[in-house]
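Asks: My questions all concern the structure below.
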Amino acid sequence: MKTPARPRRFPLHNLLLVLLVLLLLTHEVIAAIPRLTTPLERLELSMRDTLMRLRGEQPPSEPIVIVAIDDFSFNWTGYQWPWPRAYLAEIVNWLDAAGARLIGLDIFLFEADSDPAGDAALADALARAPQAVTVAQIFEDPAQGTVTLKLPLPAYRSAVDGLGITLVSQDDDAIVRSVYAYQTYGDERYYHWAFEIAALTLATDPPSPAGSARLTFNGQEVPLNGTTLLINYAGPAGTYPTYSAARLLLGDYPPELFRDKIVLIGATTLTLQDIYPTPFSAKEQMPGVEVVANAVGTLLSGRHLRILPLWASLLILLSMALLVSLLIRLRRPSLTLLLMGGSLILYLTAVYLIFARAGWYLPMTAPLLMLLLGVLLPTTEQAVSQEVEKRRVRNLFSRFVSPEMVDQLLETQDIRSLNKRAVLTVLFSDIRGFTSLSEKLTPEEVVALLNPYLEVMTGVIHKYGGTVDKYEGDAIVAFFGEPVPYRDHALRAARAAVEMQRRLADLRKKWKAEGIFSGRFEIGIGLNSGEAFVGLIGSAQRINYTAIGDNVNLASRLQDLTKTYAWPIIVSESTARAIESEFEVEFIEAAPVKGKAEPVRIYKLIGRKGSPPLETTNS
């Protein structure tokens, strides 16, 4: 009697190879989804940057130079931002007299200058220039769910030959590899002003749609990555000739430097926050005006960068899987590893040559992982790396927001959007006379008061969805509306401020009953709503999630005014309007505020409607 043959089992290494292929194929499809960046895609972006750095610097587009609004110009002129339009008119007139072919002004001209004559002078200077281009803005407010088109004043629109958006595209690692080729507002499509500059320079028509992933411009197709134009950078910051605006008018440069040139005028100072990391360097950041120069150079040269289509990337991945299936059949591990290493080198060499000579980005991450992991080991690296990233974010933000908010952030928001400008409400709280109070107490007594106070106040801020920015001694700086956006951020801040006053009263009663402290202990709170930059600021050794900007400073000034007007909570007009449905507010006056040229309308927050008002404090 014959023993029945056992069914042949599918080899484990073949099963792992199939699972790996399916995993990587699935990854490639998911990575093609717009606005979704996977960990492997981040690595892919980094490897593309490496290709550009290996290729090295290229000669910049000769007609383009930059006039920089730099630190020297600020120090020499003594002007604050925004600069007087009359001074900008002098720069434009000088360049016109020097024979500039085109002048691009990377400055928002949406609001009138304090001197009407300055606006008239700048508009006249732009009109006299042979060609002039400036910028518009389509501003999206995710907190309010609104989209606003901001255009230059009518006098400027009639003076320039073209205008366009100036939005750059920062990937989730904050590096700018592209600019938005266009944005839509209503039924109108607004192209990036780099296209306007290139069209005027080449005496050609503006771009026109040629499909879902390309445009027609100057008789050729311009490839797009979604709605963005990949920038073929000539080099790191400073590759394009850059001249100081103040030195220009001081006569430090001969006019010949600007004759028949495209001159882009824009900010390069770190103070104005218009600088970005680029593929050439994440540390030596590039001013936004030089990013535009590189975009214009890409369009003028026609040396466009292209990403291989999805079907071709999948074909390469399947070919690599076939190679792996052949390698793992070899019975000599040393030979397998040797052939694997040779295959890696051969593929990377082909990737580099195709990029350097033709501007095509071939996929690297998925094919290389297919080769490495398919030969070396089965892996769950993708799942582990995602979990590690989630834990990193959780540990980072647990210092600033409540654990519940961290969970909500991880579920609802892409981490790449943390660094941005956002509309939020800033809360600034300070203890009255704490310096003199602390001088009368022992260090132990100060700690016994301050730590419980900060713990209670922080709990209140977290309760209403606020983010604790920092503790400055006895002061608390917090903001509402980021990283998890709330449309009612002003109401949340007001509720927190009122409860902070109530909880402080409870603390005073407790301290008095326990014999800890019976003296005066009061706080003043300032609230202001407006746009600010919010993001991760710091170094590799120490980083903070913080909000910076004029609106943050105003909240601090309002807190100072609580002493002057002997009232515990003072809010700005923007906050007052946002909370008047739930809270009683009372106009005080238009008060002069440090750092503001015009008086600021300030209000008392009286309390919730239908509830007892807050109590007056001693000044």
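The values are calculated or read from the model by the stated rules, or taken from the named source; none is laboratory data. The structure presented is a predicted model; accordingly, all values stated were derived computationally and were not measured. All Cβ positions, glycine included, derive from the backbone under ideal geometry; neighbour counts span all protein chains shown.
Quick grid of which residues meet (1) out of contact with any helix residue (DSSP H, G or I) (no Cβ under 6 Å at 6 or more places or on another chain); (2) at pLDDT 95 or above; (3) β-branched (Val, Ile, Thr); (4) not assigned by TED's automatic domain parsing to the domain that holds VAL135:
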{"site": "THR184", "(1), (2), (3), (4)": "yes, no, yes, no"}
{"site": "ASP187", "(1), (2), (3), (4)": "yes, no, no, no"}
{"site": "PRO209", "(1), (2), (3), (4)": "yes, no, no, no"}
{"site": "GLY226", "(1), (2), (3), (4)": "yes, no, no, no"}
{"site": "TYR253", "(1), (2), (3), (4)": "yes, yes, no, no"}
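Asks: Search the stretch 299-318 for residues being in a helix (DSSP H, G or I) and in contact with a helix residue (DSSP H, G or I) (Cβ under 8 Å, 6 or more places away or on another chain), and hand back the single one that is surrounded by the fewest Cβ atoms within 10 Å (Cβ to Cβ).
Replies: Looking at the filtered set, the residue picked out is LEU310.
Asks: Does ASP205 satisfy the criteria of being out of contact with any Cys (no Cβ under 7 Å at 6 or more places or on another chain), in the same structural domain as GLY235 (by TED's automatic domain parsing), of a type in the set (Asp, Glu) and within 30 Å of ALA31 (Cβ to Cβ)?
Replies: no
Asks: Could you list all residues from the stretch 223-277 that are over 28 Å from the mean Cα position of the chain (by Cα) and at positive phi?
Replies: GLY251, ASP260
Asks: Only residues that are among the acidic types (Asp, Glu) and over 21 Å from ALA478 (Cα atoms): list them for the stretch 507-530, please.
Replies: GLU514, the sole residue that qualifies.
Asks: Cβ-Cβ below 9 Å, separation at least six or inter-chain, first residue in the stretch 81-98 and more than 29 Å from ALA597 (Cα to Cα), second modelled with pLDDT of 95 or more and aromatic (Phe, Trp, Tyr): which pairs?
Replies: Correct list of pairs: TRP94/PHE258; LEU95/PHE258; ALA98/TYR253; ALA98/PHE258.
Asks: What about GLU445, is it surrounded by fewer than 17 Cβ atoms within 10 Å (Cβ to Cβ), touching a residue at least 60 places away in the same chain (Cβ under 8 Å) and acidic (Asp, Glu)?
Replies: Criteria met by GLU445.
Asks: Can you name the residue in the stretch 266-282 that is of a type in the set (Val, Ile, Thr) and buried (at least 23 other Cβ atoms within 10 Å of the Cβ) and, of all such residues, is farthest from GLY56 (Cα to Cα)?
Replies: Among those that are of a type in the set (Val, Ile, Thr) and buried (at least 23 other Cβ atoms within 10 Å of the Cβ), it is THR268.
Asks: Just to be sure I understand, how many residues within the stretch 496-534 are within 29 Å of the chain's Cα centre (by Cα) and more than 21 Å from LYS563 (Cβ to Cβ)?
Replies: Matching residues across the stretch 496-534 total 6.
Asks: Please determine whether any residue of the stretch 275-289 is closer than 18 Å to ASP171 by Cβ and assigned to a loop (DSSP other than H, G, I, E, B).
Replies: Scanning the stretch 275-289 turns up at least one residue that is closer than 18 Å to ASP171 by Cβ and assigned to a loop (DSSP other than H, G, I, E, B).
Asks: Kindly indicate the residue of the stretch 301-354 that is touching a strand residue (DSSP E or B) at 6+ places or on another chain (Cβ under 8 Å) and not small (Gly, Ala, Ser) and also nearest to ARG177 (Cα to Cα) among those meeting that condition.
Replies: LEU305
Asks: Out of the residues in the stretch 171-212 that are of a type in the set (Val, Ile, Thr), in contact with a strand residue (DSSP E or B) (Cβ under 6 Å, 6 or more places away or on another chain) and closer than 24 Å to ILE307 by Cβ, state the one that is surrounded by the most Cβ atoms within 10 Å (Cβ to Cβ).
Replies: Here the residue is VAL179.
Asks: Out of everything in the stretch 562-607 that is of a type in the set (Ser, Thr, Tyr) and under 33 Å from the mean Cα position of the chain (by Cα), what residue ends up being nearest to ALA493 (Cα to Cα)?
Replies: Of everything passing the filter in the stretch 562-607, THR575 is nearest to ALA493 (Cα to Cα).
Asks: Inspect the stretch 335-343 for any residue being surrounded by 14 or more Cβ atoms within 10 Å (Cβ to Cβ), hydroxyl-bearing (Ser, Thr, Tyr), out of contact with any Asp or Glu (no Cβ under 8 Å at 6 or more places or on another chain) and closer than 23 Å to LEU229 by Cα and give the result as yes or no.
Replies: no
Asks: Scan the stretch 26-84 for residues that are of a type in the set (S, T, N, Q) and farther than 24 Å from PHE280 by Cα and jot them down.
Replies: THR26, SER73, ASN75, THR77, GLN80
Asks: Looking only at the stretch 435-467, which residues are in contact with an Asp or Glu (Cβ under 7 Å, 6 or more places away or on another chain) and more than 12 Å from ARG503 (Cα to Cα)?
Replies: Residues satisfying the conditions are LEU450, THR467.
Asks: Further question: Output the number of the condition that SER574 fails; it satisfies all remaining conditions of (1) of a type in the set (Ser, Thr, Tyr); (2) out of contact with any Pro (no Cβ under 8 Å at 6 or more places or on another chain); (3) farther than 18 Å from PHE480 by Cα.
Replies: (3)
Asks: Is it true that some residue in the stretch 245-264 is within 24 Å of ALA350 (Cα to Cα) and hydroxyl-bearing (Ser, Thr, Tyr)?
Replies: There is no residue in the stretch 245-264 that is within 24 Å of ALA350 (Cα to Cα) and hydroxyl-bearing (Ser, Thr, Tyr).
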